[in-house]
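Right, one structure below, let's go through it.
The values are calculated or read from the model by the stated rules, or taken from the named source; none is laboratory data. None of the values given here were measured: they were computed from a predicted structure. Here the Cβ positions follow ideal geometry from the backbone for every residue, glycine too, while neighbour counts run over all protein chains shown.
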Amino acid sequence: MASPNPENFIPRLPAFGAVQNTPVNTNLALNTNFKFTLKKVPNITYFVTSITTPSSSSNPVSLDYLTAVPLKIPGGAANTDVSIRFIIDENYTNYMEMVKWFRSGAPYTNFNEIVPSNLAEPSDGMMLLLNNKKNPFRMVTYRNMIPTQISGFSLSHMESEPSVLTATVTFVYDTFTVTKL
């Protein structure tokens, strides 16, 4: 006599539970896995130490009706600015390039330093997201970036251990796109 086949009388259920929901990649993202390049200021690429990516927010629009409950629909999304922090090189080259770009877009208060008009134009920025093996897997492209704020830096003889000079630049942009590589 053949043994009964349990599949004939026990229904097969879809896979549920934590074991079946385990993601394929369980590696964690690290905050050092990025590379940022800016077309207009190429000397900054090597020295970028951090980037604050834009956050998005949306306020729902409430539509009131006399005979029904107010209806809430998604409102317009608002993105924040992008800011990068970079190390200033020994000759202050990358900092001065950024200052010239910033000044070229600001209204003239004096005409001592007139810059070429192509310097005042926006630039595209590109951030590569890297996996833990330092291979790029996503590219975020920021279109038409314009610097809106540049931080200063402090020089002092009072420190016992000299620290590296850094500066922060804040940009506005039109759009950003994410491309899978």
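Taking the numbered list (1) surrounded by fewer than 16 Cβ atoms within 10 Å (Cβ to Cβ); (2) of a type in the set (S, T, Y); (3) modelled with pLDDT of 90 or more in turn, Y108 passes all entries but (3). All conditions but one from (1) among the acidic types (D, E); (2) at pLDDT below 90; (3) surrounded by 10 or more Cβ atoms within 10 Å (Cβ to Cβ) apply to D89; the one that does not is (2).
Inside segment 138-169, residues that are of a type in the set (S, T, Y) and assigned to a loop (DSSP other than H, G, I, E, B) make up a count of 5. Only one of the numbered conditions (1) aromatic (F, W, Y); (2) at pLDDT below 90; (3) surrounded by 10 or more Cβ atoms within 10 Å (Cβ to Cβ) is violated by F137, and that is (2). Residues that are closer than 22 Å to T32 by Cβ and surrounded by 12 or more Cβ atoms within 10 Å (Cβ to Cβ) within segment 152-175 comprise L165, T166, A167, T168, V169, T170, F171, listed in sequence order. Sub-7 Å Cβ pairs linking a first residue in segment 35-57 that is over 14 Å from R143 (Cα atoms) to a second residue that is hydroxyl-bearing (S, T, Y), at least 6 apart or interchain, are N43/T93; T45/T37; T49/T166; T52/S83; S55/T80, ordered by first then second residue. Would you mind stating whether N94 is touching a helix residue (DSSP H, G or I) at 6+ places or on another chain (Cβ under 7 Å), in a helix (DSSP H, G or I), closer than 28 Å to K133 by Cα and not β-branched (V, I, T)? Considered against the rule, which asks whether it is touching a helix residue (DSSP H, G or I) at 6+ places or on another chain (Cβ under 7 Å), in a helix (DSSP H, G or I), closer than 28 Å to K133 by Cα and not β-branched (V, I, T), N94 comes out as no.
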